[in-house]
Structure formats: structure tokens, C-alpha cells
Amino acid sequence: MAETATELRKTALNAVHRAAKAKMVDFGGWDMPVDCCGLIAEHMAVRTGVGVFDVSHMGDIQLRGPGSLAAVQRLCMNDASKLSAGQAQYSAMLYPNGTFVDDVVVHKLSDNDFLIVINAGTREKDVQWVRSQIGHMPGVHMNDFSDYYTQLAIQGPRAAETLQKLTPVDLSTIKNYWFTWGQVCGLYNVMIARTGYTGEDGFEIYIPSDEPTSARVWNEVLEAGKEFGILPCGLGARNTLRLEAGMALYGHEISDTINVFEAGLGRYAKLDKPEFVGREALLAIQAEGGPKRKLVGLEMIERGIGRDGYPIFSLDGTRIGEITSGSPAPFLKKNIALAYVPVEYTALDTEVAVEIRNQKVKAKVVPLPFYKRLKK
Amino acid sequence: MAYPANYKYTKEHEWIDVQGTTGIVGITDYAQDSLGDIVYVDLPKVDDALEAGKSFGSVESVKAVSDLYAPVSGKVTAANEELKDAPEKINTDANTTWLIKIELADATQLDALLSAADYEKFISEETGK
């Protein structure tokens with residue numbers, strides 16, 4: 001195999017993953033586990049029990065100071081002024097033309113303190129962008145805490161029971177998309193957030209990124225979840241889980257060539273809040289009657305698996321779009337895909353053809369998300 | 001996982017077990033392990049003519065598609081229909097789960113394939129270990 005030109009980055013758990021014989025891949029410059037004990041088994045563990053993911057490659061930008069709210073409001077499309085301390089929200093940073101720098105989760109730590117969790121593949125770009133946008137703003141200081149945390153995602157219907165064994169914090173008091181700080185595995189002031197990227201209930205915890213601590217907590221989580229059939233999960237299952245849940249992935253459903261309305265994320269863009277980067281463009285798109293193409297969910301109705309990048313045709317043979325993410329869905333046991341098509345093809349049950357290796361295979365438009373958990 | 005010594009192998013990770021003038025073809029344990037959970041197999045029809053080194057179908061896991069290459073030329077005499085509903089059998093036992101049977105057109109083509117020892121050496125070089 002050819003020598004890799006640049007050294008891949010590693011999380012503090014890299015040696016743990018390798019010792020467990022996980023299959024590793026280069027994900028956005030990171031050496032990450034893609035398959036720990038079988039993608040389908042991992043996927044099912046998260047849907048029916050619990051799974052744990054090392055998501056330390058995600059980035060963390062802190063904005064502090066009396067001007068931090070104004071900075072978040074300018075950088076992100078959702079309305080952070082609605083957040084209480086201890087609350088998080090899904091949001092996105094946009095370019096002036098209304099396309100995506102990245103999608104993010106904004107956490108309000110206190111009135112003058114926000115933590116923005118960003119994607120791994122876009123870390124450097126995001127940090128540069130934030131710096132360039134807030135440079136002239138008064139009263140705000142940025143810290144890149146990306147390397148400071150080992151971030152673990154404990155996900156699934158048994159996630160709360162698993163994590164509860166390791167913390168005195170009453171997890172039932174943390175609502176979805178809220179967070180708190182508390183003791184976890186004997187470590188003080190660990191941020192515990194009820195967030196995730198799987199479509200299940202679950203938590204993300206932020207612990208110090210030294211290797212012994214990271215390995216100890218990882219192993220204690222696995223031990224705590226043993227009775228619920230916990231599995232360590234890789235990026236493969238993370239992808240199929242988020243796809244079933246209809247969640248966007250940067251570089252696929254969202255990018256610097258796709259705007260908010262096309263991606264179906266308009267509900268997170270608060271156009272009535274004061275100026276933010278991208279707002280003018282979104283208003284203009286709205287004034288023109290909305291986007292010309294939209295993201296849809298597809299389900300294959302003939303035999304075949306539509307995958308990332310496969311072209312989509314109308315039934316009369318005109319090329320109309322492309323799949324952004326496509327895969328077999330292990331829990332739903334269907335072959336599903338997210339794709340961009342012109343608005344006239346977005347009605348439910350519209351039939352289209354996916355070109356799979358020179359053959360046209362029929363699919364139909366279905367509601368998103370493909371999978372929705374039953375809320376208790 | 002051992003690679004049966006009586007099989008021949010391709011660099012594209014197929015095995016062929018020759019019995020008389022029939023070649024039984026499958027994918028190697030290394031191939032199934034690299035792919036992960038196999039969910040779909042696309043095989044040729046009986047009587048299709050295959051050409052050595054050319055793609056004759058595909059195997060798909062949840063995350064990837066992999067082409068199948070004919071180890072030798074010949075006519076397809078059987079395709080393993082069982083794999084339509086149970087493709088995961090390949091993951092369970094790649095060495096005995098066959099995909100197709102071929103009537104060999106030219107037995108001398110077998111000489112160009114790898115022995116079990118050569119194949120193991122090839123994959124150890126490929127994985128860089």
C-alpha cells in the first residue's frame with residue numbers, strides 16, 4: 001500500500017479501537033473505526049439496546065464574553081437568544097449566499113459563554129470562518145477546544161440506564177437537547193448532554209482527552225452497558241443510523257453549493273431575528289418562490305441499492321438529480337436514499353429511476369424521516 | 001482463517017475450486033471481512049458466457065459495492081440462488097459458500113492464478129503488515 005502523504009489524526013481512543021480489532025478508515029483526515037463488531041449488529045444495538053461511539057473527532061468552539069451572544073446570533077441561523085443556560089439547539093453557519101459552512105449544535109453554557117460543536121471534516125475551515133467573522137466584534141473571545149475533549153456518544157433506548165450507573169446526576173431531569181455538568185466515572189464537571197446523531201435517545205459526554213482517562217471511561221461505559229448488550233460502534237453504523245433518522249451529513253446533504261431551503265432545514269433558519277450571515281440570500285430565495293430543487297427521501301421499490309452519487313432519472317429518461325446518501329437500512333430492512341430532485345418530483349409516491357451500474361431501478365418518494373422513534 | 005490449498009485465487013479475491021471440467025467460484029475470507037455485512041449479491045444467469053478477468057456480477061455490503069471477476073473463461077452452469085435471500089452466508093463461511101459454477105473453456109488459464117500460499121503473501125503485502 002502506498003505511503004500516506006500526511007499523518008492521519010488520532011483520537012485518544014485510537015489504541016483502544018486498534019486493540020479491539022476495529023476496522024479503521026480515513027474519515028476527513030482522521031483514523032477512525034468504521035466497523036467495530038459488524039455494522040448491522042451495531043446498528044441494531046443502538047435501535048434496540050445501547051451503543052457507544054467515539055466522536056472525539058468532532059470540533060468544539062467556545063465563544064466567551066459579553067459579546068458572545070451577538071457573535072453566535074451573527075454566525076448561526078437559529079435563534080440562540082431563545083436558549084436558556086443548559087440548553088442546546090441544532091443550527092448552521094452559512095455563507096452570505098445561504099449555503100452551508102457547516103451544521104452545528106449550539107450549547108448555551110451561561111449568558112456569556114457558548115459552545116458550538118462542529119463537524120470533524122470541516123474543523124479548520126470552521127475555526128477560520130468563525131475567526132474571520134467575529135474578528136471585528138467587540139467583547140467576544142474564541143477558544144478552539146477541539147483537542148481538549150474526548151467526546152463519547154452513548155445512544156439507544158438503554159443509554160440512560162447505562163450512563164446512570166456511572167453518574168450521581170439524575171439523568172431523567174435532563175430533557176432532550178439540554179445538558180448539565182456532573183460527576184461521571186469519578187471525574188468532576190463532565191458535560192453531559194442529551195444529544196446525538198442516531199435518531200434514538202442518548203447522551204454525549206465530554207471528558208478530558210488524555211489517553212488513560214479516555215480509555216478508562218470507554219471501558220466503564222462498555223461494562224455498564226453489558227447487561228443491555230452494548231456494542232462499541234463505528235462510523236459505518238453512525239452513518240446508517242443518521243440516514244434512517246433523515247439527518248443531514250456535511251459534504252452529502254449539505255455543503256457550500258446547497259442552500260438551507262433546498263436541504264429542508266428552513267425551520268431552523270430564523271429569518272425574523274436580527275441580521276445573520278446568509279439571511280439576505282435566504283430572504284431573496286423565499287421572495288423568488290423558494291428553491292428549485294429539494295431533498296427527498298427515496299425508497300427502492302425494485303431490487304437494488306442506490307448509493308452516494310448515483311444519478312436519478314425521471315421515468316421518461318431525463319436526468320433529474322443525484323443521491324447524496326444511500327444505503328441498505330438495517331433496522332427498516334429497506335434500501336433507502338436521500339437525494340436532490342426538482343420540486344416537481346418531490347410529491348410523496350412519485351416514482352423515479354436510480355441508475356445503478358448502467359441499469360435503471362425504480363424508487364419512490366417517501367416521507368422523511370424514514371425512521372422515527374416512539375417518544376415516551 | 002485458512003485458505004484451502006486445493007483452491008486457486010485471483011488478486012481480486014475470488015477463489016476457484018476445480019472439479020473435473022467444472023470450476024466452483026466464491027470470494028475469499030479476506031474479501032468478505034473487508035466488505036463487512038453482505039446484504040446483496042448480483043449473479044449472472046445460467047448459460048451466460050464469462051471471460052477471464054472480466055466482471056460477472058457484484059457483492060454489496062451495507063457500506064460498499066465490490067465487483068466480481070471471473071477467474072477463468074467459461075459458461076455458467078449454476079448460480080447459487082440461495083444467496084438471494086441469505087447473502088450473509090458468505091460472511092459466515094466464505095470458503096464453502098459458492099457463487100457460481102463454470103464449465104471451463106480453457107484449463108490452462110488456471111496456471112495464471114495464485115496458489116493459496118501466494119494469495120496469502122499477496123494479501124499480507126496489500127494490507128501492509
**Fill in**
Where a ≥ b ≥ c are root eigenvalues of the Cα gyration tensor, a/c under 1.5 meaning rounded, otherwise prolate if a/b exceeds b/c and oblate otherwise, chain B counts as oblate
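Just rank A:Phe179, A:Phe313, fewest to most, by other beta-carbon atoms within 10 angstrom. Write down the numbers at each step before the final one.
Working: A:Phe179 25, A:Phe313 15.
The most exposed by this proxy come first: A:Phe313, A:Phe179.
Using helices alone, I'd like the mean residue ellipticity at 222 nm for the protein assembly as shown: each DSSP H run of four-plus residues gives -39500 (n - 2.57), total over residue count, nearest 500.
Working: 12 runs with 102 residues, N = 505.
Taken over the protein assembly as shown, the calculation gives -5500 deg cm²/dmol.
How would A:Leu94, A:Leu222, A:Leu231, A:Leu374 line up from fewest to most surrounding beta-carbon atoms within 10 angstrom? It would help to have the intermediate numbers written out before the result.
On the way: A:Leu94 25, A:Leu222 17, A:Leu231 22, A:Leu374 5.
The most exposed by this proxy come first: A:Leu374, A:Leu222, A:Leu231, A:Leu94.
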**Message:** If neighbour count is taken as other Cβ atoms inside 10 Å, put A:Met77, A:Met300 in order from fewest to most.
**Reply:** A:Met300, A:Met77
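Averaging sequence separations of C-alpha pairs under 8 Å and six or more residues apart, then dividing by the length of the stretch A:213-302, give the relative contact order as a whole percent. Mind showing how you got there, number by number?
Details: 29 pairs, mean separation 21.3, N = 90.
Answer for the stretch A:213-302 is 24 percent.
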**Prompt:** Can you give the mean number of other chain Cβ atoms that lie within 10 Å of the Cβ atoms in peptide B:58-68?
**Reply:** 5
**Asked** When only Cα pairs under 8 Å and 6 or more residues apart are kept, what is the percent relative contact order across chain A?
**Response** 18 percent
**Item:** Estimated FRET transfer efficiency (A:Leu187, B:Lys75; beta-carbon r; R0 56 Å; 0.05)
**Value:** 0.25
**Request:** Report the semi-axes of the equivalent ellipsoid for chain A in whole Å, largest first, where each axis is √(5λ) for an eigenvalue λ of the Cα gyration tensor.
**Result:** 32, 28, 19
**Prompt:** If you plug each phi of the stretch B:89-105 into the Karplus form 6.51 cos²θ - 1.76 cosθ + 1.60 with θ = phi - 60°, what whole-Hz ³J(HN,Hα) values come out, in order, with x for Gly and Pro?
**Reply:** 4, 5, 5, 5, 8, 5, 5, 10, 8, 7, 9, 9, 10, 10, 7, 4, 8
**Over 30 Å between alpha carbons, listed pairs A:Lys273/A:Lys334; A:Lys294/A:Lys333; A:Lys23/A:Lys175; A:Lys294/B:Lys54; A:Lys294/B:Lys45; A:Lys125/A:Lys165** = A:Lys273/A:Lys334; A:Lys23/A:Lys175; A:Lys294/B:Lys54; A:Lys294/B:Lys45; A:Lys125/A:Lys165
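Rounded to the nearest whole Å³, what is the per residue volume of the convex hull around the Cα atoms of the stretch A:226-376?
On the way: hull volume 24.1 nm³, N = 151.
Per residue, the Cα convex hull of the stretch A:226-376 comes to 160 Å³.
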**Complete:** Cα gyration tensor of the stretch A:4-149 diagonalised, 5x eigenvalues square-rooted, in angstrom largest first, produces semi-axes 32, 18, 14
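Values in this text are rule-based calculations from the coordinates and carry no lab data. In this text the structure is predicted, and so the values were computed from the model without any measurement. For neighbour counting, all protein chains shown are included, and Cβ atoms are generated from backbone atoms with ideal geometry for every residue, glycine included.
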